[in-house]
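Notes to accompany the following structure.
The values are calculated or read from the model by the stated rules, or taken from the named source; none is laboratory data. Note that this is a predicted model, so its numbers are computed, not measured. Because the Cβ atoms are built from the backbone with ideal geometry, glycine has one as well, and the counts that use them run over all protein chains shown. When the accessible area is computed, the model is the full protein with side chains, heavy atoms only, and any ligands, DNA or RNA have been set aside. Shrake-Rupley method; radii C 1.70, N 1.55, O 1.52, S 1.80 Å.
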Amino acid sequence: MAIGLIIIGDEILSGKRRDQHFPKVLELLAERGLKLDWAEYLGDDPARISATLKRTMASGDIVFSCGGIGATPDDHTRACAASALGVPLALHPQGRANIEERIRDMAAEAGKQADLDSPENLHRLKMAEFPEGASLIPNAYNKIAGFTVGTHHFVPGFPVMAWPMIAWVLDELYSHLFNRQPHSEQSVLVYGSMESTLNPLMEALEARYAPVKVFSLPSVGDAVTRGHIELGVKGEPALTASAFADMCAQLGAMDIEYVPCEAPA
């Protein structure tokens, strides 16, 4: 199953906040022998969010969506998920109980009696309105849950909440996928050559060792680093090793200067 990431918020697209989710999700997946297949960034546009979710829900992919599940006017994700599914929003009983427990905790910390019927606290219950049939993703930070519908998992935009929630989803729902596809990557740094020169070699390797993938990452260099191309192969370990040996042999036959790279962590 492909795994995708959706990051929602005008503040990301405007640059007011720097996205931290993408590298962390890569890390969380890699720790479990999984990889990210795609990612999308969206602003707070309900029509675009709904259309995107409708498309990704039809794909069957495992998708994590970060942001937009609060209760302020710019939080549209809960309603958009319901729209994409064609179901109404419904107040989740356990989600409501969690929020009310949080309200009591906050009042106790302030030395006050909680008023669950105050307009402010009733408004907070909107954060437990999820698409009908959704299940909860626990939030250990403040008890205000995220939610799951199908293979889509919705968490807050705050990293301190989102990352443990994503880890929980992976461990609770997808542990059967962990480390199922052994993967390796090997590469070299090529000097004094152009991608156009290497392209026939790359195409031949992909054809001969499919489904191993060949990649090329050029660098113009700087005052202390020579310009180079990182040329490599990645995929199933045994086939990747054969492709890498063939690649190095052909580079040598072409009299192209190269040095091996260290294997990625």
Requested in this report: For segment 131-265, give the magnitude of the charge dipole about the Cα centre (Cβ charges: +1 Lys/Arg, -1 Asp/Glu; no others), in debye to the nearest 20.
Outcome: 360 debye
Report task. Quick one: among Gly221, Gly95, Gly86, which has the greatest mean-square fluctuation in a GNM of the chain with alpha-carbon springs under 10 angstrom? Result -> Gly221
**Report entry** GNM flexibility winner over the chain from Thr225, Thr56, Thr151 (Cα, springs under 10 Å)
**Finding:** Thr225
Report summary line: Measure of exposure for Trp168: accessible area at 1.4 Å probe, Å² rounded to 10, is 90 Å²
Report summary line: Any DSSP H helix in the chain with Cα axial reach of 18 Å or more and mean Kyte-Doolittle score of at least -1.0? Listed by number, the hits are 46-59, 159-173, 195-208, 237-253
Query raised in the report: Any idea which of Gly4, Ala145, Leu231 is furthest toward the positive side of the dipole for the chain, if Lys and Arg beta-carbons carry +1 and Asp and Glu beta-carbons -1?
Result: Ala145
Query raised in the report: Which order do Leu173, Leu29 take when ranked by solvent-accessible area (1.4 Å probe, heavy atoms of all protein chains), largest first?
Result: Leu173, Leu29
Report summary line: Largest-first ranking of Tyr141, Tyr41, Tyr209 by accessible area, probe 1.4 Å, whole protein assembly kept, is Tyr141, Tyr41, Tyr209
Report task. Give, as a single signed number, the net charge of other residues whose beta carbon lies under 9 Å from the beta carbon of Asn121, with Lys and Arg counted +1 and Asp and Glu -1. Result -> -3
Requested in this report: Treat every Asp and Glu Cβ in the chain as -1 and every Lys and Arg Cβ as +1, leave all other atoms uncharged, and give the resulting dipole magnitude about the Cα centre to the nearest 20 debye.
Outcome: 440 debye
Query - Charge dipole magnitude, Cβ of K and R +1, D and E -1 - segment 12-75, Cα centre, debye nearest 20 - result: 80 debye
Query raised in the report: Excluding Phe64 itself, what net charge comes from residues whose Cβ is under 14 Å from its Cβ, given Lys and Arg +1 and Asp and Glu -1?
Result: -4
Requested in this report: Find how much the distance from Arg208 to Leu177 grows on full extension, using 0.36 nm per residue of separation minus their present alpha carbon separation; answer in nm with one decimal.
Outcome: 8.3 nm
Requested in this report: With springs connecting C-alpha atoms under 10 Å apart, model the chain as a Gaussian network and identify which of Leu85, Leu122, Leu36 has the largest mean-square fluctuation.
Outcome: Leu122
Report summary line: Lys and Arg at +1, Asp and Glu at -1: neighbours of Met165 with Cβ under 14 Å from its Cβ sum to 0
